[in-house]
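Here's the structure, in structure tokens; my notes come after.
Quick note: the coordinates plus some simple rules give every number you see, no bench work behind them. Since this is a predicted model, take the numbers as computed values, not measurements. Methodologically, a virtual Cβ is constructed for each residue, glycine included, from the backbone with ideal geometry; neighbour enumeration extends over all protein chains shown.
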Protein chains: 2
Amino acid sequence: MTHENTDYVDILRTHGYRVTMPRMIVLDAVCAHEGHAAIADIQRLVYDMDPTIDRSTIYRALDVLVEVGLVVESDLGHPGKVYSIAGEANHHHLVCLQCGKVLSIRRDVIMGLKAQIHEAYGFDLQADHLTLNGLCRDCQSKKPPHSL
Amino acid sequence: MTHENTDYVDILRTHGYRVTMPRMIVLDAVCAHEGHAAIADIQRLVYDMDPTIDRSTIYRALDVLVEVGLVVESDLGHPGKVYSIAGEANHHHLVCLQCGKVLSIRRDVIMGLKAQIHEAYGFDLQADHLTLNGLCRDCQSKKPPHSL
DNA sequence: CAGCTTATTGCAAAAAGTCGCAATATCAGC
DNA sequence: GCTGATATTGCGACTTTTTGCAATAAGCTG
Ligand SMILES: [Mn+2]
Ligand SMILES: [Mn+2]
Ligand SMILES: [Zn+2]
Ligand SMILES: [Zn+2]
């Protein structure tokens, strides 16, 4: 359930990154928050563990953690992105462009697409805690007068 | 090929928004740029048409245009989002989390997913110029030493 | 088309995010 | 366990994006 399960040290090194205190603390913070951690949440948790870590370092650490695949970044429509430990989410999100509502959907809805994309393009879709946009049921019906 | 085809006046009013000069000019700018218009591009084009329009107004106009469905917003991994006229893109994008490469894929790959999601959740997926993340072919093979 | 209501704008200030650089810490090699 | 090469950090300056508010303009009513 936590990143302790994965060998994040090896993963970072394999990708050519060094294992540093700030990176570990940022990873701990994302882990401690348990899903949808906004930058402000992460900054607060990091600050509790080590108040000397700079804002810019947190941003850079998150970039690295996302790049090596330990952390997943999502844009849920609210200003700012949110972060989660990779592999822990068992769902994806649908975000309504009109009202901003966020729905959760079953993880396996994406599996077909993932297979299809891998076959056609050789691209390995990151199918962990995806975000897709569109119109929720309410907002669809709220818009009958015109049809575009 | 341009937004002239759609009745953007009605669309805005239907959604309860007023039709204003800044909004029209921002829409024109997105249209003029033809795909992947960054904020800087839009600002430049808007400034040419009317130098008195404020930066903040451009951001707010884009939010509205996205919300009513006239414009599509994408995060291609580079800093900052890009904008396009809705309905004009005939492709989606795959963005590699590791190297940042951006691939284009056939529009219809998503159709199955769109139908599936609509059936299961009543959600109307915005299947116009989507962005999905993952690992490109090169970056997959570049990472054999460890397996998570 | 003049008057009225209220959404929208421009401005200024704040907040969020990015970047270059000198100082520091990681870690491979001995 | 040291040493050296170099990736990473903290800091400050900068850029980008967001926000509150008073002035303005859209569009409904008659
Ligand atoms: Mn979630
Ligand atoms: Mn495109
Ligand atoms: Zn909605
Ligand atoms: Zn790649």
Study note, to complete from the structure: Computed over chain A, the relative contact order (Cα-Cα under 8 Å, seq sep at least six) in percent reads 20
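Convert 20 °C to kelvin, take the viscosity as 1.002 mPa s, use the Kirkwood radius over C-alpha pairs of chain B as Rh, and evaluate the Stokes-Einstein diffusion coefficient in µm²/s, rounded to a whole number. Working shown, then result.
Working: Rh = 17.0 Å.
In µm²/s, the coefficient is 126.
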Check your understanding: Say the dipole of segment B:8-85 comes from +1 at the beta carbon of Lys and Arg and -1 at that of Asp and Glu; which of B:H15, B:S74, B:I25 then lies farthest toward its positive end?
Key -> B:H15
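Using Cα pairs closer than 8 Å and at least 6 residues apart in sequence, work out the relative contact order for segment B:8-85, in percent. Kindly include the intermediate steps, with their values, before the conclusion.
Numbers: 81 pairs, mean separation 28.1, N = 78.
Value for segment B:8-85: 36 percent.
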Check your understanding: Using θ = phi - 60° and the Karplus form 6.51 cos²θ - 1.76 cosθ + 1.60, what ³J(HN,Hα) does each residue of segment B:14-24 get, whole Hz, x for Gly and Pro?
Key -> 4, 8, x, 9, 8, 8, 10, 4, x, 5, 5
Check your understanding: What residue of chain B has the nearest C-beta to the axis that moves B onto A, and what is that distance in Å, given as a whole number?
Key -> B:L113, 2
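Let me have the 222 nm mean residue ellipticity of the protein assembly as shown computed from DSSP H runs of 4+ only, each contributing -39500 (n - 2.57), with the sum over all residues rounded to the nearest 500.
On the way: 12 runs with 120 residues, N = 296.
The per-residue figure over the protein assembly as shown is -12000 deg cm²/dmol.
Give the peptides A:45-54, A:124-133, A:58-67 in descending order of average Cβ contacts within 10 Å, highest first.
On the way: A:45-54: 13.6, A:124-133: 21.2, A:58-67: 18.5.
Output ranking for A:45-54, A:124-133, A:58-67: A:124-133, A:58-67, A:45-54.
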Review point. By count of other Cβ within 10 Å, fewest leading, how are B:E88, B:E73 ordered?
Key: B:E88, B:E73
Revision key, fill the gap. Any residue on another chain or 5+ positions along whose placed amide H is under 5 Å from the amide H of A:L132 is listed here as A:H93, A:L94, A:V95
Revision key, fill the gap. The base-10 log of I(q)/I(0) that the Debye equation returns for the protein assembly as shown at q = 0.12 Å⁻¹, one scatterer per C-alpha, is -0.86
Point to revise | Most mobile of A:H92, A:H36, A:H15 in a GNM of chain A (Cα contacts under 10 Å) | key: A:H15
Review point. Put a point 7 Å out from Cα along the line to Cβ at A:R44; what are the distances to that point in the other copies, in nm, shortest first?
Key: 4.2
Exercise for review: Using only Cα atoms, locate the centre of segment A:26-57 and the centre of segment B:84-148, then give the distance between them in Å, rounded to an integer.
Suggested key: 29
Point to revise | Candidates B:I110, B:I42, B:I85, ranked by Gaussian network fluctuation over chain B, Cα under 10 Å, top entry | key: B:I110
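How shielded is A:96-107 by partner chains, expressed as the average number of their Cβ atoms within 10 Å of its Cβ atoms?
Details: counts 4, 8, 5, 1, 1, 1, 0, 4, 1, 5, 2, 0.
Per residue, the average neighbour count from other chains is 3.
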Exercise for review: Note the distances from A:D138 to each other copy's matching label point, with points 7 Å along the Cα-to-beta-carbon direction, in nm, sorted shortest first.
Suggested key: 4.5
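Which pairs, out of A:K101/B:K101; A:K81/B:K101; B:K114/B:K142; A:K101/B:K142, put more than 27 Å between their alpha-carbon atoms?
Values: A:K101/B:K101 30 Å; A:K81/B:K101 21 Å; B:K114/B:K142 32 Å; A:K101/B:K142 38 Å.
Checking Cα-Cα distances, A:K101/B:K101; B:K114/B:K142; A:K101/B:K142 exceed 27 Å.
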Exercise for review: Would you kindly calculate the mean projected area, averaged across all directions, of the convex hull enclosing the Cα atoms of segment B:91-142, in square nanometres?
Suggested key: 3.9
Check your understanding: From the label point of A:N90, set 7 Å from Cα along Cα→Cβ, how far away are the matching label points in the other copies, in nm, ordered shortest to longest?
Key -> 4.3
